[in-house]
Structure formats: C-alpha cells, structure tokens
Amino acid sequence: MLHATGLVKRYGGVTALDGADLELRGGEIHALVGENGAGKSTLVKILSGALGPDGGEIALNGTPTRFTGPRDAAARGIAMVAQELSLFPDLSVAENLFVTALPRRFGLLSPAEMERRAAPVLAGLGLDDVPVHAPVAGLNLADRQLLEVCRALLATPRVLMLDEPTSALPPAAVDRLETVLRQVAARGIAVLYISHMLQEVRRMADRVSVLRDGRPALRGERAGGLSLDDLVRAMLGDGAPAPAPAGATADPVAGDPERTAHDGAVPDAAALTLSHVTVPGAVTDMSLSVAAGEIVGVAGLEGAGHRAVLDVVCGLRRPASGRVTLPGGGTPRSVRDAVRQGVAFVPGDRKRFGLMLDQTVWENATAVRWLGAARGSWWQHRRSLRARAQANLRRMRFHGDIDGRTGELSGGNQQKVVFAKWLDTDPSVIVLDDPTRGVDVGARGEMHDIVRDLAATGRVVLLASTDLAELTELCHRVVVFQRGEATGELRGAELTEQRLSTAVNGS
Amino acid sequence: MTQSLTTETRDASPRPPSRRRRLSRLVRDETGVVAVLVLLIVGVGVFRPGFLDPDNLLSTGRNAVYVGLMAAGMVFPLAMREVDLSVGGNFALTMVVGAVLMRDGVPPWLAAPIILLMAAGLGAVNGVITTYARIPSFIVTLATALLFRGIALAFAAGKQIFEVPRESSFFVDLGGRLFGVPSALLVLVLAGVVLTVVFTRTRFGAQVRAVGSNPDAAALTGLPVDRIRIQAMTMSGLAAGLAGTLALAFFLSGDPTLGEGFELTAIAAAIIGGTPLAGGRGSVPGAVVGALILAVVTAALVFFRIPINWTSFATGAVILVAVAADAALRRYRTRTS
Ligand SMILES: Nc1ncnc2c1ncn2[C@@H]1O[C@H](COP(=O)(O)OP(=O)(O)OP(=O)(O)O)[C@@H](O)[C@H]1O
Ligand SMILES: [Mg+2]
C-alpha cells in the first residue's frame, strides 16, 4: 500500500537515513524497531509528509508520490501519531480530537456532534471516563498519548503510523491499543508502529523491520519466525555484544545473589521514611520506609496513588498529614527544597518537565547541578561543564552532538539527557518515573546498571514504571497500591511480572 | 551512527571542532543586526555625506543611549518570558528624584548611587508583585509605569527641576564628553559589555535562559524561579535608572515627562536585536545595536528633511523589516548548517 525505497535524509552533517526501505501492506501490523537515533522517527515523518526526503522514492498504491506536507499526506489517507506529543494543552479533549476538521453546524462549533463521533473511539481505547470538554492539560501522559491515537483514528486513515505509542502506557492500555489496532488492520488498513518493547513487538506485529544507522537491517520479516535475539542482533549489528533484552531472562531476581542477600538483611537504617502520609485524593495513611541501598518499586493502576508517593518525596506535593523524612533528616517542602536535599527526579514526560529543547545538550545535562542546586562556580566554566556532561552521557551510550540543540536529538537520546542531568548531582534519593521511556534495549540496560550502582553505593531508589518488566528487573521489592492504599508487597522470588500484574489489578 | 563516531573522536582532538562552530555561531547571531546598522549608515551616507561626519555619528549614538540601556536591561525579563513596561516611568522617576536630592543639597556623586539603588528597587518591586500576587508582569508593569511616572509628576509638581549644581563634575563630565566621546555613550558600551557577560557567562544568565526556555522543567530542576524573576526585573530597573541618571546629567534638570513611550522602543530594539518574546534566548549586544538602528533611522529622517511626524512610521517599518530579515537569515542558516 505504501512502499518506500532508498530514502535518504540528512540533517546538516548528520545522515539520519541512508537508503531506508519500508513496505506497508493493508491489513497488517508492521513494527519498526531500532536503536535510539537509528532514524525511525525520521522515516515516519517522511512517510507522513512532515519532512521532505533528500533522496529515494515513495509509492502509494503503486504510484510514485511526493507529499507536499502533512496536510497533503493526511488528505491521501495517511495518519501519524508523533513521538513527541503535539496536543494543544488549553483546548478541550474534543477540540483536540477534531482540531483539523472541527464539526460545525450553521458555521458554529458543534460540541454535541464532536462528542457523538468521538465517543466510540474513546471508548475503544478505554478513555470513556475522560471529560471530553475539559482541557487536555489536566490529563496524564498515558491518556494524552492515547488521545493522540484517537485523533489519528478519527481521521479514518488508510495508513496509520504510530511512533512509540506505548512508551507511556500501562499494560492494560497497551492491551486495549493492541485490540484496537487489530480491528483497524482487519479493516484493511496498513498499520506501522514503532516500539522499543521487543516482547510487545513480537506479540503484536505481523511483520517487523529493523533500522540500523539509517539503513534497513531487516525488511518486513514475518514476526513469527523471529526470536528476541534475532531482533537485538539486527538492531545492534552482528559484532555487537547482545545485551540482555528486557524481560528476556525468565526471572532475573531469583538469580541475583546480591539481591537475595540484601533481602535477608533487616533494613536497619531506614534512609527514607514516609509515616502516615495522606494526600487527599491520592493516598491515605501511607507508611513506607526504604533503607539505603534499596530499590523499591511502587505499582498500581492509574489513580491508585503510587505516583503520589513519588510526588511527596520530590516535593511536588505536600502531604496533608504525615511526614516524609529524607536521609539527611529533612522534609521536602518544595521541589527546590528536595533538590537541595539531594533528591533527584527523572520524569518520563521529558518534553514538559525534563528538558529545555531549544538549549544545547550540555546546558541541559548540567542544569540541575549548576543551575538548580547552584553548585560550582557562579562563572560559566564551559570546558568543565561540557566535560561533566560528556562523561555522564557517555555512560548511557548517548548518540548525538552535545553542542547541538537538545530538540534535535532522537527521543531516546533526549531521555538519556534527562537521566544524565540528575546523575550529575550525585543524589542521595533517586525518584524515577518511567525513567527509560523510549530508550532502546541496550541503553535501557546501561541505565539499569547505573541505577543498581547507585543503590549499591548506599543511595535510595524509588521507581514507578508502566513497564512491569522494569519493576521486576530492577527492584528489590515492589509495593502495590489500590485505591490510595498499599495493599501488598512483592519481593524476591514472588516478584514476577505475572504476580505483579495480578496484584496490581486486584484479587 | 556516524554521529557516535564523531563524539568519540572529538575527545581525542585537543580542540573540539564544535567549539569553533559555537564561537562562530555566537558571533553570527549578531551579524544580522550589525549588518543592518552598517548598511543603514552607509546607505544614508551615500546620499547625505554629512551624515558620516564623526560628530553627527557620535550624537546619533548619544541619542540611542537611553533606549539602548533600557533595551539591554529588558533582555533579562524578555528572555524569561516576562516584560517590563515600567522602564519609562522608572527613568522619569529616577531623574526627578535625583534632581530633587541635588537641589536639596545632596552632593551629585552621592545622589547618583542612591537613585540607582532606588531604580533597582523599583525593578525588584515589579518582580515581587509579579511573583507573589501571581499577576503577569505585563499587567504589573503596565500599572507601575503609571505609578512611577505619577510619583515623578507629583514630586516635581509637573514642572522641570532646574535648581541643580551645574558646576559639579557629575554634570560637566558625565553629561559632557570624555576623550572626545559623549560620556553617556561610553557608559552604554561599558554597561552593554557587563550585561552581555552577565547574560551569557554567569549562572544567573543561564538560569534566566533556562526559565524562559521551559518554566516547568526549570522548576522541576530545582531552579529558584521566583528569585530569578525578581533579579531579572531588578536588572531591568537598574538599567532604566542608569539611563535616568545619564539623562539628568545631560539635561541638567529633572523632567518628569521625559521618556514617555521609551518602553516600547526599548522592546522593539531588543526584538530587532534577536531577543524573541518567546523566551529562552536573548542578546544584549543585539539590543544595543537595535537601539542604534532606531536612532540612525530617526536621525536619517532629519537629514532627508522628512517631517518629524513620519518617525513613528519609519520606526515601525524598520522593526518589521529587521525582524523579518533576521528570521529569514535564521531559516537560511538552519538549512545550510
Ligand atoms: N531536527 C533535527 N535536526 C538535526 N538532527 C536531527 C533532527 N531530528 C533528528 N535528528 C538526528 O537524526 C538521527 C535519527 O533521529 P530519529 O529521531 O529518527 O531517531 P529514532 O530512531 O526515532 O530514535 P528514538 O528511538 O530515540 O526515537 C539522530 O541522530 C538525530 O540526532
Ligand atoms: Mg524516535
């Protein structure tokens, strides 16, 4: 249906695509994978008319085509959900859904018509309880990501392309999205989707293509015949040592002697304690103590209150009652106060909370230590700041120009910058909220190693993640939340994805 | 990825190639406005050679000093998505209070630091109200502009204050020339250099840009956003006060009606100089050059004997042309970089 051959795209001196091919067929779900910076987003931007290629050809239903812009591509039945969300925060949910073609009656906006058309699509993705006329700014990242998908579906496309639609989604929403995509494909629509979750790719996709350094490494292979190893090898190249992909080993927790040893120890020196913390509308009378060196996960369905734990620790919210005590003995009264007391917060919503996209990479990577905590000289010693940024980023296989604008990085590399800027502060408490969102398997492994190292040197780590594998791989124990209360705890051998999933969803 | 290779090799080489690129980018950011300024001067000079007379150029430059200082200070609020509309009022109040102090026997060189402090304080007041009353700085300074000027008018009873010790070196030297150049122009250059350094090479400058670039991220990164805002508004107030002090020295009087509309000209100068209202970026030298461009245009109208009533029209046209040219240049640059 949509066939691209030999696509080339250069950004200044950087060659993002170097002869990429892709063939999408109607009725199939096609997954596109590759390392951070491999050129996946660039490819779909070209296929959806948002970027013009420097070379290569695109054929739509057999006829060679050039898109003049996204509107042109949309008019010819191509819909895209971009990696970085592009909703209008001050417009309502309904207005966002129909922003290019607002339904009108007698020349006026028709809210009723909008609602009628949007309702089934919203329901299909589990967004039925989202207030349609409320501004989008109030929604969480997962809902906003789904909303983008709705918007694309409402355009009734013939080709639907999704750039990392599941990166912020909890498992249940991923399942719903899968169902919806299958229905869409069953109607003969060609679906392309990009993801770093290789398990999910194998489950969901009919075919898989792999990009490596802007060149095709696999061209639309049947997903059934591919193992995780095959995928990783295709992504990284033959010579590369294959890192253990996410969730590839059956149960990493059981096999880790260090961790088992830790579990046996009584957490004597509680470094971080929450005692009887209540945040109205989120958690009630919550107590938790985390020892130095522990990695503790918090899990729950959306609104279960586990995120509020992160919020109170990093000073985003103040508990109405109860007390949070940081390792130094202080209480985080505000974000700034928390930062000064050594709390680091790595958010998944990097565009909004994490990065200054128009500033250079090194400026971002040094922002917490030098600007936030105001450590180091008041004079900008560029050489040493750059060197610090570079050293921190190198640990995470960062690909990019540290003097370039941060907005020009690929999504995964941006997330690495967010992580790096917090590493720079040498924090004593590390709060992670979907820290590896959009990061490829290799770099994800590196980031996990860094987190383990931090814990091993006596730091406290709190983790929330929509990726259950991340919780089971990384955490010593996971506290499960339901309706604002901690209802259970999984540790050691009990800590498996399956058990976690059951516990989260309630017995 | 080809990029990862360059990252690796960059470390090996003693001088990263990107440093030179960054330096050239720094310089090139202002090349657009500087080129416009030079073209304007040369262009006018071709038709009216008298315009190129050093004395004329220096006095044209002198005329740009007040707006130039305000524009340079304004870069700080603008780069953090704030604005200071009270600089004109601040300017007048500084002048009048200075004149009153001097009339009442305070030695001019003692009065000068006092009024500078006061001007900075007025800026801080703008920042404090903006922060703690949670009102946009646009509205706060719209109001304080009237307040400041109102106080100046009341203080001076609506009249100019002439009774100042004119023989003091404050008036003779600061209001006159030094090494053959108007002292005010030297002060503008000096202040421009200092503010440039503060904006580009200090933590405070970087914090201002960080907040302007992404306020949410800045707050979550632990930046003291409120304090930075107050400091930025203080900078702007201080620059306006410096302008008022220089004006007092030059005009030998305190005039509460002077400086009306300077705030918009100053904002225009800053924008011409490459400080977008969107925040995150800014250029102090650009703002000063922007003010010079506007002064050259005004002076050129005189040389071409165009009625003074056309000044506003010409200023407006220059703003549009300069900003459009700058945007075009930037687009061209990103395409070819
Ligand atoms: N606007 C831009 N300007 C300059 N370089 C860019 C720009 N956008 C992308 N690049 C570069 O192009 C390359 C490919 O980026 P792209 O976003 O396509 O990667 P990706 O495969 O989507 O990665 P990720 O998995 O991290 O999202 C990267 O090296 C990136 O730095
Ligand atoms: Mg991408």
Worksheet entry | Those residues of segment B:158-169 which are modelled with pLDDT of 90 or more and of a type in the set (G, A, S), in sequence order | B:S168, B:S169
Worksheet item: Taking helices (runs of 4 or more DSSP H) that do not extend beyond segment B:62-181, which have at least 2 residues that are of a type in the set (S, T, Y) and over 18 Å from the mean Cα position of the chain (by Cα)?
Response: B:108-132
Fill in: The lone exception for A:F67 - which of (1) within 16 Å of ligand 2 (Cβ to nearest atom); (2) crowded, with 22+ Cβ neighbours inside 10 Å it fails
(1)
Discussion item. Exactly one of these conditions fails for A:T15: (1) in contact (Cβ under 8 Å) with a residue 40 or more places away in the chain; (2) near ligand 1 (Cβ under 9 Å from one of its atoms); (3) closer than 14 Å to A:L160 by Cα; (4) open to solvent by 30 Å² or more (accessible area, probe 1.4 Å). Give me its number.
Written reply: (3)
Worksheet item: Among (1) more than 16 Å from ligand 2 (Cβ to nearest atom); (2) among the hydroxyl-bearing types (S, T, Y); (3) open to solvent by less than 20 Å² (accessible area, probe 1.4 Å), where does A:S48 come up short?
Response: (1)
Discussion item. If I filter segment A:340-369 down to residues being at the interface with chain B (Cβ under 8 Å from one of its Cβ atoms) and charged (D, E, K, R), which single residue comes out as nearest to A:S289 (Cα to Cα)?
Written reply: A:R340
Worksheet entry | Selected residue (only one of B:V208, B:V181, B:V172, B:V193 is within 14 Å of another protein chain (Cβ to nearest Cβ) and either more than 20 Å from B:E30 (Cα to Cα) or modelled with pLDDT of 95 or more (or both)) | B:V208
Practice prompt. Kindly provide the set of residues from segment A:329-339 that are open to solvent by 20 Å² or more (accessible area, probe 1.4 Å), within 22 Å of A:S289 (Cβ to Cβ) and facing chain B (nearest Cβ under 9 Å), ordered by number.
Written response: A:D337
Discussion item. Looking at (1) open to solvent by 30 Å² or more (accessible area, probe 1.4 Å); (2) modelled with pLDDT of 85 or more; (3) of a type outside the set (A, V, I, L, M, F, W, C); (4) not in a helix (DSSP H, G or I), which one does A:T166 not meet, given that it meets all the others?
Written reply: (1)
Fill in: Among residues of segment A:370-379, those that are buried (at least 24 other Cβ atoms within 10 Å of the Cβ) and more than 8 Å from every other protein chain (Cβ to nearest Cβ), counted
0
Worksheet item: Does any residue of segment A:74-87 turn out to be charged (D, E, K, R) and within 16 Å of ligand 2 (Cβ to nearest atom)?
Response: yes
Item to complete: Select from segment A:185-201 the residues that are away from ligand 2 (no atom under 16 Å from the Cβ), at pLDDT 90 or above and either under 19 Å from A:S48 (Cα atoms) or part of a helix (DSSP H, G or I) (or both) and list them in ascending order.
Response: A:A185, A:A186, A:G188, A:I189, A:A190, A:V191
Discussion item. Exactly one of these conditions fails for A:E35: (1) open to solvent by 60 Å² or more (accessible area, probe 1.4 Å); (2) within 16 Å of ligand 2 (Cβ to nearest atom); (3) within 14 Å of another protein chain (Cβ to nearest Cβ). Give me its number.
Written reply: (1)
Worksheet, complete the sentence: Apart from one, (1) away from chain B (no Cβ under 14 Å); (2) in a loop (DSSP other than H, G, I, E, B); (3) within 16 Å of ligand 1 (Cβ to nearest atom) all hold for A:R397; the odd one out is (1)
Discussion item. Against the condition touching a residue at least 60 places away in the same chain (Cβ under 8 Å), open to solvent by 20 Å² or more (accessible area, probe 1.4 Å), more than 9 Å from chain B (Cβ to nearest Cβ) and farther than 15 Å from B:A217 by Cα, how does A:P319 come out, does it pass?
Written reply: no
Worksheet entry | Single condition A:G445 does not satisfy, out of (1) out of contact with any Gly (no Cβ under 8 Å at 6 or more places or on another chain); (2) away from ligand 1 (no atom under 14 Å from the Cβ); (3) open to solvent by 30 Å² or more (accessible area, probe 1.4 Å) | (3)
Worksheet, complete the sentence: Residues of segment A:203-240 being within 14 Å of chain B (Cβ to nearest Cβ) and either more than 16 Å from ligand 2 (Cβ to nearest atom) or over 18 Å from A:V191 (Cβ atoms) (or both), in sequence order, are A:R212, A:D213, A:G214, A:R215, A:A217, A:M235, A:L236, A:G237, A:A240
Worksheet item: Does segment A:150-168 hold any residues that are more than 16 Å from ligand 2 (Cβ to nearest atom) and touching a helix residue (DSSP H, G or I) at 6+ places or on another chain (Cβ under 7 Å), and which are they?
Response: A:C150, A:R151, A:L153, A:L154, A:A155, A:L160
Worksheet entry | Matching entry among A:A455, A:A493 (being farther than 24 Å from A:A271 by Cβ and either in contact with a Gly (Cβ under 7 Å, 6 or more places away or on another chain) or in contact (Cβ under 8 Å) with a residue 40 or more places away in the chain (or both)) | A:A493
Fill in: Test: A:M80 is more than 14 Å from chain B (Cβ to nearest Cβ) and touching a Ser or Thr at 6+ places or on another chain (Cβ under 7 Å)
yes
Worksheet item: Where in segment A:1-98 are there helices (runs of 4 or more DSSP H), lying wholly inside it, with at least 1 residues that are on the phi < 0 side of the Ramachandran plot and at pLDDT below 90?
Response: A:70-75, A:93-97
Worksheet item: Within segment B:243-285, can you find the residues that are open to solvent by 40 Å² or more (accessible area, probe 1.4 Å) and in a loop (DSSP other than H, G, I, E, B)?
Response: B:L252, B:T257, B:L258, B:E260, B:L277, B:A278, B:R281
Item to complete: Can you run down the residue pairs with Cβ atoms below 8 Å, 6 or more apart or on separate chains, where the first is in segment A:108-128 and in the same structural domain as A:T179 (by TED's automatic domain parsing) and in a helix (DSSP H, G or I) and the partner is open to solvent by 50 Å² or more (accessible area, probe 1.4 Å) and aliphatic (A, V, I, L, M)?
Response: A:M114/A:L102
Worksheet item: Can you tell me which of A:G19, A:G55 is more than 27 Å from the chain's Cα centre (by Cα), more than 29 Å from A:V184 (Cα to Cα) and more than 14 Å from chain B (Cβ to nearest Cβ)?
Response: A:G55
Worksheet, complete the sentence: Among (1) closer than 22 Å to A:E473 by Cα; (2) at pLDDT 90 or above; (3) more than 16 Å from ligand 2 (Cβ to nearest atom), A:D403 falls short only on (1)
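The values are calculated or read from the model by the stated rules, or taken from the named source; none is laboratory data. All values derive from a computational prediction rather than experimental measurement. Reconstructed Cβ throughout: ideal geometry from the backbone, glycine too, with neighbour counts over all protein chains shown. Side chains included, ligands, DNA and RNA excluded: accessible areas come from the protein's heavy atoms. Shrake-Rupley method; radii C 1.70, N 1.55, O 1.52, S 1.80 Å.
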